[in-house]
Amino acid sequence: QVGEGQVSGSLESNTIYYMDDSKIGETPEDRFGSNNYLKVDYSNGRFSAGIQANAFLPVLQGYDDLATGHKFYLASKYIQWQDDNFELMVGDIFDQLGNGLIFRSFEDRQLGLNNSLEGIRGLYNFNNYVQVKGMYGRPRLYTDYADTWVRAADLSVSLSDIFSWDAALFNVEGSYVNRNQSLSLDPMMDFSTSGLTNPNLNMYSGRVNFGWNGLSLRGEYVEKGKDLAATSTTATSGNALLGEVGYSHNTFSVMATFRQLDNMATRLSLYDSGIGNTLNYLPALTRQYTYMLANLNPYQVNTEGEIGGQVDACYSIRNKDDRYRYWNMHVNYSTFYTLHASQTERGKNERLWQDFNFDVERQWNKQLKTIFLYSFQEWNPTHGY
């Protein structure tokens, strides 16, 4: 408590002392590595502010894109005012439009990712009927900022609130993102030979969200202008389609997801090809395993072109008299294929991934629990696995 406001904070430190590895004959250049993150936030009524400072003393091995040698810098800062229907924020912004297919700014410290947008964001909500949001700024690229400016706008219309449908949720939404970057920053790179002549990349998204009595439907379609992927020599346009159907009742739930991606890798900067140089978010739509053995070869999204999806179902049997006795059953299946025949050497579409698994968890009593897991995975070795 500071006056009428409140201060909160957190400190995370990942520190390793490296030893000689006699089996492979390697000696670390620096035996000590330490990645540290200090975050402090202040709030007082409708006003809030915060900062995050990162210190690499020095940076851990495997995070070479973050810093060389010892490094201390201000990773994020913000000032925000939030009213009942209005919000204004200045600083480093973490946000997502829709499902993240055209824009997502986020931080993942374990992967060394932080592509927050340094700029301004405004939001206005009119009686829960219409919500409008706009952003403008430059994205962070590792410990610095990209030579790019990003504009984004989002609109959400709640038809269920407009027509007073209390039993249902029905939203129609849309987003627009513009990335502006000079194509003449590096005289050694001639983008015109790849077919890229416009410094502006425009992306559009349309979405529908529906929910009623345990049933949920979500859909999103994306159009993307001409862009140059890190692994491509020709600028091409792109698109994406995402659909989800879900149902839940008591202790049973099922979700089916379909997704198609066509040239949807979007970089913050055309002059960098690192893993953190990404403007959108395209996660693998497969099961995320808890156990290391099943995670040895996880699926990697093929942004050049893929089509597929997954089905996930859960069912639980509970004991009314003893909460420490229950059954949890989970089944999942996912598969993905190449979208274009030109992606394969045979000139035919091939399966990139197939994964079927089920697990049964039994809580016998307060002290004993057993888990059985079966997993079958099949991946295509010609596509990066």
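Per-structure values
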item: Any hit, the stretch 36-44, residues being of a type in the set (Lys, Arg) and assigned to a strand (DSSP E or B); result: yes
item: Number of positions in the stretch 184-215 that are among the hydroxyl-bearing types (Ser, Thr, Tyr) and crowded, with 16+ Cβ neighbours inside 10 Å; result: 2
item: The stretch 139-183, subset in contact (Cβ under 8 Å) with a residue 40 or more places away in the chain, over 22 Å from the mean Cα position of the chain (by Cα) and buried (at least 18 other Cβ atoms within 10 Å of the Cβ), residue farthest from Tyr271 (Cα to Cα); result: Phe170
item: Looking only at the stretch 319-330, and only at residues there that are part of a strand (DSSP E or B) and under 10 Å from Gln363 (Cβ atoms), the one that is most open to solvent (accessible area, probe 1.4 Å); result: Trp327
item: Test result for Tyr136, crowded, with 16+ Cβ neighbours inside 10 Å, touching a Gly at 6+ places or on another chain (Cβ under 8 Å) and modelled with pLDDT of 95 or more; result: yes
item: Test: residue in the stretch 333-356 that is under 21 Å from the mean Cα position of the chain (by Cα), in a loop (DSSP other than H, G, I, E, B) and surrounded by 12 or more Cβ atoms within 10 Å (Cβ to Cβ); result: no
item: Matching residues, the stretch 224-256, being open to solvent by less than 30 Å² (accessible area, probe 1.4 Å) and in a strand (DSSP E or B); result: Lys224, Gly225, Asp227, Gly238, Ala240, Leu242, Gly243, Gly246
item: Among (1) open to solvent by 30 Å² or more (accessible area, probe 1.4 Å); (2) within 24 Å of Lys39 (Cα to Cα), the one test that Ser116 misses; result: (1)
item: Unique residue being more than 23 Å from Ala49 (Cα to Cα) and either surrounded by fewer than 20 Cβ atoms within 10 Å (Cβ to Cβ) or touching a Ser or Thr at 6+ places or on another chain (Cβ under 6 Å) (or both) when the list is Gln131, Gln96; result: Gln131
item: Output for the stretch 282-308, where each listed residue is free of Cβ contacts under 8 Å to residues at least 60 places away in the same chain, outside any loop (DSSP other than H, G, I, E, B) and surrounded by 14 or more Cβ atoms within 10 Å (Cβ to Cβ); result: Gly305, Glu306, Ile307, Gly308
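The values are calculated or read from the model by the stated rules, or taken from the named source; none is laboratory data. All values derive from a computational prediction rather than experimental measurement. Note that we place each Cβ from the backbone using ideal geometry, even for glycine, and neighbour counts take in every protein chain shown. Note: areas computed on protein heavy atoms with side chains; ligands, DNA, RNA excluded. Shrake-Rupley method; radii C 1.70, N 1.55, O 1.52, S 1.80 Å.
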